[in-house]
Structures are given as C-alpha cells and as structure tokens.
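Working notes for the structure below.
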Amino acid sequence: MSTSQYVIGMVLVLVALATLVATPLLIVHSRTTYDHGPTCFWCHPRLPRGRSRH
C-alpha cells in the first residue's frame, strides 16, 4: 500500500468517525424546543456570500 493510499484511507476513516459522533448531537440539537436565536451557528449558519454581479 502506498503512502497516498494510507493517507486517503485515514482521512476517510476520520471523516466517518466525525460524522458518526456529530450526527446524534445535531439531531438532539435540532429537536430541542429552546429557541437558540440568530447566534446559533447550527440553526443560522453564516455562509460566505459572493458579491452580487449587477
């Protein structure tokens, strides 16, 4: 197995583990009745917006 295959495999494993850990937390967070407000990143993500071309 080459080094690049090992690195790619490790990255995929780490992404899968992060997904498995984060999914239940995000589900619980989204089902709470508490209003998190506009400062909650998960409910109101601040995505970078491109410049409008007029």
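Computed per residue of the chain from DSSP H runs no shorter than four, each worth -39500 (n - 2.57), the mean residue ellipticity at 222 nm is -19500 deg cm²/dmol. Set against the 2.2 N^0.38 Å expectation for a compact globular protein, the chain has a Cα radius of gyration ratio of 1.78. Couplings 3J(HN,Hα) of region 20-32, computed from phi: 5, 6, 6, 4, x, 5, 5, 5, 5, 4, 6, 9, 6 Hz, in residue order, whole Hz [Karplus 6.51 cos²θ - 1.76 cosθ + 1.60, θ = phi - 60°; x for Gly and Pro].
Quick note: the coordinates plus some simple rules give every number you see, no bench work behind them. All values derive from a computational prediction rather than experimental measurement.
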